[in-house]
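Below is one structure, written out as structure tokens; comments come after it.
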Amino acid sequence: MERLQVIEDFSSLQARLTADREPNIPVIVIPAGTCGQASGANDLIRVTKRELLDKGLTDKIHLRVTGCHGFCEAEPSVLIEPQGTFYPKVDAKQMVRIVQAVAADEVLEDLLFADPETGRGFYRYDKIPFFRNQQRSIMRMNQALDPIRIYTCIVSGGYGALQDVLANRSPYQALQEVKDSGLRGRGGAGFPTGLKWDLLAALPDEPAKILVCNADEGDPGAYMDRSILEGNPHSIIEGMLIAAYATGATEGVLYVRNEYPLAIKHLMIALRQCRELGLLGDDILGTGLRFDIELVRGAGAFVCGEETALIRSIEGKMGEPVQRPPFPVEKGINGRPTAINNVETWANIPLIFKLGAEEYAKVGTNGNTGTKIFSLVGKIKNTGLVEVPMGITIEKIVHDIGGGARGNGKIKAVQTGGPSGGCIPADRFDLPVDYDSLAKAGSIMGSGGMIVMDDNTCMVDVAKYFMNFLMDESCGKCFTCRKGTQRMYEILEDISNGKATLQDLDLLEELAHVVKDTTMCGLGQTASNPVLSTLRYFRDEYIEHIENQRCPAGVCKELVTYSINENCTGCGLCVTVCSEGAISGEKKGRHVIDVDKCIKCGSCRTVCNFDAIDVR
Amino acid sequence: MITLTINGLQTSVEKGTTLLEAASSLGFPIPTLCHMEGLSPYGACRLCMVEIGEGPRAKLVSSCTYPAQEGLKVRTASSRVLRARNMVIELLLASCPQSKTIQDIAAAHNIRRQRFRQEYEDCILCGLCVRMCEEQMMAKAIGFRGRGQNRTVGTPFDIKSDVCRLCGGCIYVCPTCQLRCTYTEPEKAICGGCANLAPPCVEKDQFDDMMCYMTPCVACEIEKD
Ligand SMILES: Cc1cc2nc3c(=O)[nH]c(=O)nc-3n(C[C@H](O)[C@H](O)[C@H](O)COP(=O)(O)O)c2cc1C
Ligand code: SF4
Ligand code: SF4
Ligand code: FES
């Protein structure tokens, strides 16, 4: 790779790459992020390569291995460009057929993604409701480039924003553009990014300023940051370079959790390629800009995502939050001014300059501009990463994009904001998804986790699950966070065991408010949300557990009993699986469960073909 | 100088002063547990909470760590502060009822019951010993490890640290073991408490050859018999 000396070198490289493009040659695109690889994308890549080589098709068909496209439900999937044909859940045999079909310019109708209502296949991926109802300005880039080849990135517009900024704007103008865009940090708190940069830019150049990309993403079930890190690491580097120019920072740190090996690999490759090309280092593109990025691996504590703990972790100390103020912008890593932004925030920066702040701010609502990626999981048909304009209603995400409830359940709530978020009940699904509305409804945006729950979910159990997570992940410094989460968990456990009283419920609520009030960092301050929000909307479920010793969803083991209803045909299948010998009955007659012997393992319910086992 | 208002009284303090120091200089009492003069503020016990700000932006912060800021309005005994403080004391009693320090704090605030499952822990992780060891004894022999429920104080690898001089400073500052065996101030000692509760110095072998200045401490006497 030849080092680019001046800005014009970059432009001519870009022009050359664009001219070399062969837009008419079909490309087989295989998403192979961690999720894709886990579901078998590597096999597809191998089969495709072999097939292309064996049949001598390498000149006629190209292969592009990319990061995750977001439709996890359909993985491993294959996309054919430029037609946009989308094949979900492909296996190795089907892959051979697909390669042949591409060579013959045909479409395999039987493998297309079928409309769940009409059963007809969709010919283009962007007609599928999951994709059609999104606004994929960031996720779309994952589709367009091969993350380990910087040229594929440049040809699809990567580093174009940087070039534009360096050539045409002063640092002040660049900063102004970010401010005008209204971008708010995607890491959870929604702090205006332009304002944070402004504070940093106002400080003197000595001691040297530092920019940090927070890629600690510790929420269970959230992986939008990972998909950007793996699929488009250059967007983050480009964002940081623009910030370096705008604020005068000279050092960058990528703090990535060690549980993301593929992301780390792709970032290392991207950093190396940038250094070789002269996009990182001294005198970048001949403009005098000096900036380099170091990669630091986190050891996997959730709390290290909190910015002061993250700083201490980077310094090599124990990941433990400290008092703010002073804020990191004044006193960060080793006492130097430090601006920390989330992965998705960084990835939005190039987009702002590509579109212009005004155009960017048209997406979303006033005060909540741009798009946000959510990881949609739980009891829903289409799980995956969805990118939508801010301010869209939960209803749209859950039904139009998510496709509604999975199986025959009825959706009862969504949990947003990760472990310390809250639950929003179905009758409030008209709520727009933005920082302020969610906070008002007792939840948080968090980093963008969205877990859908149906009527088989017990809200006490949900609160208990998240409290258990927080109890483990609290750093333990604040007495009220460490003990508070433990005590809340104890009371929740008592409730789900039917051993609690109404006084315990009051105590739980009282404690929850105090924990919120008396803790140092965001973890403790939001640790009560799972309890408070479920109490706010589902108090009757709690009461039902306490007063009637009943778990309406049939989840809390201590409170349910198994019985057999009149659907029983007397087939006797359940008798064979019950390890306790608790089921008996005449052949072809209705069977019964001996409640004294039953250990509530649920085996009978799983095998029964007639829905005859009741859990109450 | 920074001017701020505490409980309606205006005062000026130097930059870097904490809210606790500012409030104390005006004579407003704030209970503390993990704070000690001469050791850096840490903010672990959450007993010293005060309320700052107004309206919907009002919030509680730990006064021992929060720096005084220009124009700040501080309330040291608002109903929100008291509610939080009482709950913190209740939680302390639930975990460590045998500590004389904690008993005294509870008595001073008229907290006479706790509603959680009773525990008897011998450390509340206030970090006084860790800071004492590092900042006053210049030894850094002990530190925190683990997180959440698994957080404990100890030496690396749980073996006697080479840098430990057995000064006993850690035990001296500890609020959960110090006073109950400090026989030197009889009026503070809950008499016989140590005899019933097995203080850590006797229980743990590694303190065998420790220099102890808490004489006469009943605990060792009992041990000899
Ligand atoms: C317990 C806790 C965990 C956090 N984890 C993350 C995380 O994994 N990733 C992240 O970007 N921000 C995380 N944050 C938010 C950061 O503290 C910080 O606000 C954010 O990185 C700032 O970037 P932004 O302005 O771009 O949002 C966490 C906060 C808390 C309190
Ligand atoms: S609130 Fe919890 S996680 Fe945060 S500093 Fe305190 S103990 Fe640690
Ligand atoms: S041993 Fe004592 S001084 Fe040390 S942290 Fe525990 S309670 Fe505090
Ligand atoms: S004295 Fe302030 S938190 Fe312990």
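Here, each number is a calculation from the coordinates, and none is a lab measurement. Keep in mind that what you see is a predicted model, and the values were worked out from it rather than measured. For neighbour counting, all protein chains shown are included, and Cβ atoms are generated from backbone atoms with ideal geometry for every residue, glycine included.
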(message) Please give me the summed charge of the neighbours of A:Ile392: other residues whose Cβ is under 15 Å from its Cβ, Lys and Arg +1, Asp and Glu -1.
(response) 0
(request) Along Cα→Cβ, 7 Å out, is where each label goes; now give me the distance between the ones at A:Val6 and B:Ser12 in nm to one decimal. (result) 5.8 nm
(request) May I ask you to derive the FRET efficiency for A:Arg272 and B:Ser40 from their Cβ-Cβ distance with R0 = 30 Å, giving the value to the nearest 0.05? (result) 0.15
(message) I'd like to know which of A:Thr66, A:Phe479, A:Gly449 lies farthest towards the positive end of the charge dipole of chain A, counting +1 on Cβ of Lys and Arg and -1 on Cβ of Asp and Glu.
(response) A:Thr66
(message) Please compute the length gained on full extension between A:Lys49 and A:Ile148, using 0.36 nm multiplied by the number of residues separating them and subtracting their Cα-Cα distance.
(response) 33.9 nm
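By DSSP, what percent of the beta bridges with both residues in chain A are antiparallel, rounded to the nearest 5? The partial results should precede the final answer.
Working: 34 of 61 bridges.
Looking only at bridges with both residues in chain A, the antiparallel portion is about 55 percent.
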(message) Given 37 °C and 0.692 mPa s, compute D for the range A:150-361 with the Stokes-Einstein relation, Rh being the Kirkwood radius over Cα pairs; round to the nearest whole µm²/s.
(response) 194 µm²/s
(message) Please give the charge dipole size of the protein assembly as shown, origin at the Cα centre, charges +1 on K and R Cβ atoms and -1 on D and E Cβ atoms. Round to the nearest 20 debye.
(response) 560 debye
(request) Starting from the amide H of B:Tyr66, placed 1.01 Å from N in the peptide plane, find each other amide H under 5 Å away whose residue is 5 or more places distant or on another chain. (result) B:Leu19, B:Leu20
(request) Report the FRET efficiency, 1/(1 + (r/R0)^6), for A:Gln83 and A:Ala167, where r is their Cβ-Cβ distance and R0 is 35 Å, rounded to 0.05. (result) 0.45
(message) I need the phi-derived Karplus couplings for the range A:113-118: 6.51 cos²θ - 1.76 cosθ + 1.60, θ = phi - 60°, integer Hz, Gly and Pro marked x.
(response) 6, 8, 5, x, 8, 8
(message) Whole-Hz ³J(HN,Hα) for each residue in the range B:163-175, computed from phi via Karplus 6.51 cos²θ - 1.76 cosθ + 1.60 with θ = phi - 60°, x for glycine and proline: what do you get?
(response) 8, 6, 9, 6, 6, x, x, 4, 6, 4, 8, 5, x
(request) Would you grab the residues whose amide H sits under 5 Å from the one on A:Val253? Only those 5+ places off in sequence or on another chain, please, with H modelled 1.01 Å from N. (result) A:Leu211, A:Val212, A:Cys213, A:Glu294
(message) How tilted is helix A:529-547 with respect to the longest principal axis of chain A? Cα atoms for both, answer in degrees (0 to 90, nearest 10).
(response) 10 degrees
(message) 5 Å is the cut-off here: which amide hydrogens, built 1.01 Å from N in the peptide plane, fall below it relative to A:Gly281, excluding neighbours closer than 5 in sequence?
(response) A:Phe291, A:Asp292
(request) May I ask which residue of B:Ala58, B:Met137, B:Ile102 lies farthest towards the positive end of the charge dipole of the range B:1-153, with charges of +1 (Lys, Arg) and -1 (Asp, Glu) on Cβ and the Cα centre as origin? (result) B:Ala58
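With Cβ to Cβ distances under 10 Å as the rule, what net charge do the other residues near A:Cys578 carry (K, R +1; D, E -1)? Don't skip to the answer; put the middle values down first.
Details: positive: A:Lys597; negative: A:Glu580, A:Asp594.
Net charge in that neighbourhood comes out at -1.
Quote to one decimal, in nm, the extra length available between A:Asn456 and A:Glu358 on full extension: 0.36 nm per residue of separation minus the C-alpha distance between them. Write down the numbers at each step before the final one.
Numbers: separation 98, 0.36 × 98 = 35.28 nm, distance 4.53 nm.
That pair, A:Asn456 and A:Glu358, stretches by 30.8 nm at full extension.
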(request) For the pairs A:Lys179/A:Lys516; A:Lys440/A:Lys477; A:Lys196/A:Lys331; A:Lys49/A:Lys265; A:Lys179/A:Lys396; A:Lys60/A:Lys265, note any where the Cα-Cα span goes beyond 20 Å. (result) A:Lys179/A:Lys516; A:Lys440/A:Lys477; A:Lys49/A:Lys265; A:Lys179/A:Lys396; A:Lys60/A:Lys265
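May I ask you to derive the FRET efficiency for A:Glu510 and A:Glu330 from their Cβ-Cβ distance with R0 = 45 Å, giving the value to the nearest 0.05?
Values: r = 36 Å, r/R0 = 0.80.
Taking R0 as 45 Å, the efficiency between A:Glu510 and A:Glu330 is 0.80.
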(request) Give the value in nm², to one decimal: projected area of the alpha carbon convex hull of chain A, averaged over all directions. (result) 30.2 nm²
(request) Please give, to one decimal in nm, the separation of the simple spin-label points placed at A:Gln176 and A:Ile543, each 7 Å out from Cα toward the Cβ. (result) 5.9 nm
(request) Quickly work out the A:Asn408-to-A:Asp126 label distance, labels modelled 7 Å from Cα along the C-beta direction, and quote it in nm with one decimal. (result) 4.0 nm
(message) Could you tell me how far the Cα centroid of the range A:187-243 sits from the Cα centroid of the range A:298-318, in Å?
(response) 15 Å
(message) Compute the angle between helix A:233-247 and the longest alpha-carbon principal axis of chain A, please, reported from 0 to 90 degrees and rounded to the nearest 10.
(response) 60 degrees
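Let me know the shape class of the range B:2-126, please: from the alpha-carbon gyration tensor, a ≥ b ≥ c as square roots of the eigenvalues, rounded when a/c is under 1.5, otherwise prolate if a/b is greater than b/c, or oblate.
Values: a/c = 2.39, a/b = 1.76, b/c = 1.36.
Because a/c hits 1.5 or more and a/b exceeds b/c, the range B:2-126 counts as prolate.
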(message) Suppose a student asked you for the relative contact order of the range A:505-575, using Cα pairs under 8 Å spaced at least 6 residues apart; what percent would you report?
(response) 15 percent
(request) Note down the relative contact order for chain A as a percent, whole number, built from C-alpha pairs under 8 angstrom at least six residues apart. (result) 11 percent
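Can you compute the charge dipole magnitude of the range A:12-132 about its Cα centre, using +1 on each Lys and Arg Cβ and -1 on each Asp and Glu Cβ, nothing else charged? Give it in debye, rounded to the nearest 20.
Values: 15 positive and 17 negative charges, 56 e Å.
Magnitude of the dipole: close to 280 debye.
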(request) Could you work out how far helix A:459-473 tilts from the main Cα principal axis of chain A, as a 0 to 90 degree angle to the nearest 10? (result) 50 degrees
(request) First select every other residue whose beta carbon is under 13 angstrom from the beta carbon of A:Gly407; then total the charges, Lys and Arg +1, Asp and Glu -1. (result) +1
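So between A:Asp430 and A:Arg536, what do we pick up on full extension, going 0.36 nm a residue minus the alpha carbon distance?
Numbers: separation 106, 0.36 × 106 = 38.16 nm, distance 1.76 nm.
Separation in residues times 0.36 nm, less the Cα-Cα distance, equals 36.4 nm.
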(request) Once you have a ≥ b ≥ c as the square roots of the Cα gyration tensor eigenvalues for the range A:24-166, tell me rounded if a/c is under 1.5, and otherwise prolate or oblate according to whether a/b is larger than b/c. (result) oblate
(message) Charges at C-beta only: +1 for Lys and Arg, -1 for Asp and Glu. How large is the resulting dipole of the range A:561-615 about its Cα centre, in Debye rounded to 20?
(response) 120 debye
